[in-house]
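**Student:** If you scroll down you'll find the structure; I have some questions about it.
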Amino acid sequence: NTGIPISKIGSLEFIETIAKKIALRDGFGDILAQGKARAAEVVGKGSNKLVDEHYAFKGDESTAHDPRFLYTDGLLLATEPRVYRNQVFETMKPLRQWLAWVKKDSSEGYVSSETWRTIARRFLGGELAVDFSTYDGKAMAAKLIQDREAVVGSLVLCMRIWPMMEAKYTDDHVGDPTLESKLFSLVTGKETGKEELYRIGDSIYNLERAIRVREGHLGRQSDTLPEFYFREPLESAPEAPESLAPGKNGEIISKKGTVLDRQEFERMKDEYYQFRGWDVGTGLQTKTKLKELGLDEVAKDLEQRELIAP
């Protein structure tokens with residue numbers, strides 16, 4: 001009854017029909033245009049059970065980057081306003097080369113566990129950021145990633161390449177976190193260091209957060225994840241089918257069968273809010289932090305709306 005030739009899935013006729021119906025919100029296409037999860041709710045008859053692991057959350061309809069596999073992704077997914085594809089590129093960039101190293105592929109396996117830990121020290125705030133066995137070190141990594149990606153997006157740089165975290169043709173295979181600031185300095189003629197550029201990213205992210213709070217975001221109460229991450233064990237990480245990852249001191253571990261620990265996740269949020277300079281209890285921004293970033297007018301507006309911490 002959909003008017004879509006389901007029996008011909010994959011054919012040109014099927015593709016043209018479904019694309020046109022969704023684009024024009026025609027008939028069943030209007031339901032599909034709302035996403036898989038919403039479509040399942042409308043159809044009913046148990047359809048929602050078929051899309052549980054592809055829960056439409058903040059516009060994301062897949063578990064392509066799973067917080068049960070890498071805990072940093074949990075913070076990014078909870079605190080980002082939209083699909084967080086560009087941020088998780090940073091958490092996973094060296095993974096393909098590391099997996100090749102594990103399988104002793106000499107052509108692609110140039111990122112060893114030690115190399116990845118060095119990358120983490122330069123880009124993610126410390127080695128713990130790439131210890132997949134612990135929740136420690138992930139809050140700082142999440143903040144650095146968000147600030148840096150705000151800059152990368154503003155410079156209109158391709159997220160698949162920037163930041164250049166690993167380097168195949170250098171002796172240590174570790175990238176350079178100052179390249180963005182050097183590029184900015186060359187293009188604008190204004191000498192700007194890495195930390196100053198990250199501060200700009202911090203301002204961008206805080207402005208974005210303030211807009212969200214003004215429009216109804218509830219701070220800590222809204223920084224949540226779908227329940228199945230805390231309930232359903234990880235069967236296989238999409239990024240690593242065998243769910244292999246570096247653990248403590250770079251040892252090879254498997255994350256298969258793990259779930260997110262709710263208490264540890266909330267502890268990560270505490271640390272994240274502290275690094276951000278926000279109120280830990282509410283997850284709301286503070287007047288002090290916004291003024292520190294030169295966002296005085298934003299702080300004043302939120303204060304008038306009673307949407308800011310002292």
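The values are calculated or read from the model by the stated rules, or taken from the named source; none is laboratory data. Values in this document were obtained by computation on a predicted structure and should not be read as measured data. Here the Cβ is made from the backbone with ideal geometry for all residues, glycine too, and neighbour counts use every protein chain on show. Only protein heavy atoms, including side chains, enter the accessible area calculation; ligands, DNA and RNA are left aside. Shrake-Rupley method; radii C 1.70, N 1.55, O 1.52, S 1.80 Å.
**Student:** Pop out the carbon and sulfur fraction of the accessible area of the chain as a percent, whole number, probe 1.4 Å.
**Tutor:** Answer for the chain is 53 percent, counting heavy atoms of protein chains only.
**Student:** Okay, moving on. Charges only on Cβ, +1 for Lys and Arg, -1 for Asp and Glu: so what's the dipole of the range 197-310 about the Cα centre, in debye to the nearest 20?
**Tutor:** About 220 debye.
**Student:** Excluding ligands and nucleic acids, what accessible area in Å² is computed for Y135 using a 1.4 Å probe, to the nearest 10?
**Tutor:** 20 Å²
**Student:** Treat each spin label as a single point 7 Å out from the Cα along the C-beta direction, and report the A23 to A167 distance in nm.
**Tutor:** Going from the A23 label point to the A167 one covers 4.5 nm.
**Student:** Ok, one more. Hey, with R₀ at 30 Å, roughly what FRET efficiency would N249 and K104 work out to, going by the Cβ-Cβ distance, to 0.05?
**Tutor:** 0.95
**Student:** With only Lys, Arg, Asp and Glu charged, each at its Cβ (+1 for the first two, -1 for the last two), find how big the charge dipole of the range 92-153 is about the Cα centre; round to the nearest 20 debye.
**Tutor:** Value, rounded to 20: 80 debye.
**Student:** Okay, next question. Between S222 and T134, what is the FRET efficiency for a Förster distance of 25 Å, r being their Cβ-Cβ separation, to the nearest 0.05?
**Tutor:** The formula returns an efficiency of 0.45 here.
**Student:** So with the 1.4 Å probe, I'd like the accessible area per residue for the range 221-268, rounded to whole Å².
**Tutor:** Per-residue accessible area for the range 221-268 comes out at 53 Å².
**Student:** Just going by the charge dipole of the chain, with Lys and Arg at +1 and Asp and Glu at -1 on Cβ, which of L183, F89, V213 is farthest out on the positive end?
**Tutor:** Selected residue: V213.
**Student:** Let me check against my output: what whole-number percent is the relative contact order of the chain, with C-alpha pairs under 8 Å and at least 6 apart?
**Tutor:** This gives 16 percent for the chain.
**Student:** Same structure, new question: Which value in nm describes the separation of the simple spin-label points at E16 and E232, placed 7 Å from the Cα toward the beta carbon?
**Tutor:** Inter-label distance under the simple model: 3.7 nm.
**Student:** Using mean Cβ contacts within 10 Å as the protection proxy, how do 94-101, 74-81, 5-12, 154-161 order, highest first?
**Tutor:** 74-81, 94-101, 154-161, 5-12
**Student:** Can you match Cα extents along the principal axes in Å to one of these, (i) 61, 60, 44; (ii) 70, 55, 37; (iii) 81, 59, 48, based on a calculation from the structure here?
**Tutor:** Given (i) 61, 60, 44; (ii) 70, 55, 37; (iii) 81, 59, 48, the structure-derived one carries the label (i).
**Student:** Taking amide H atoms as placed 1.01 Å from N in the peptide plane, list the residues 5 or more away in sequence, or in a different chain, whose amide H sits under 5 Å from that of A237.
**Tutor:** S243
**Student:** Calculated from DSSP H runs of 4 or more alone, at -39500 (n - 2.57) each and per residue, what is the 222 nm mean residue ellipticity of the chain, nearest 500?
**Tutor:** Roughly -13500 deg cm²/dmol at 222 nm, from the helical runs in the chain.
**Student:** Of the candidates M164, M268, M140, which one comes out as most mobile in a Gaussian network treatment of the chain with C-alpha springs shorter than 10 Å?
**Tutor:** M164
**Student:** Let me ask something additional. What is the distance in Å between the Cα centres of the range 201-273 and the range 85-141?
**Tutor:** That distance is 16 Å.
**Student:** Lys/Arg Cβ at +1, Asp/Glu Cβ at -1, dipole of the chain taken about the Cα centre: which of Y229, P241, I18 is farthest positive-ward?
**Tutor:** Farthest towards the positive end: I18.
**Student:** Explain nothing, just the number: dipole magnitude of the chain about its Cα centre with +1 on each Lys and Arg Cβ and -1 on each Asp and Glu Cβ, in debye rounded to the nearest 20.
**Tutor:** For this selection, approximately 420 debye.
**Student:** If you take the square roots of the eigenvalues of the alpha-carbon gyration tensor of the range 177-310 and sort them as a ≥ b ≥ c, do you get rounded (a/c under 1.5), prolate (a/b over b/c) or oblate?
**Tutor:** Note, shape of the range 177-310 comes out oblate.
**Student:** Let me ask something additional. What accessible area, in Å² to the nearest ten, does a 1.4 Å probe give for D261?
**Tutor:** 70 Å²
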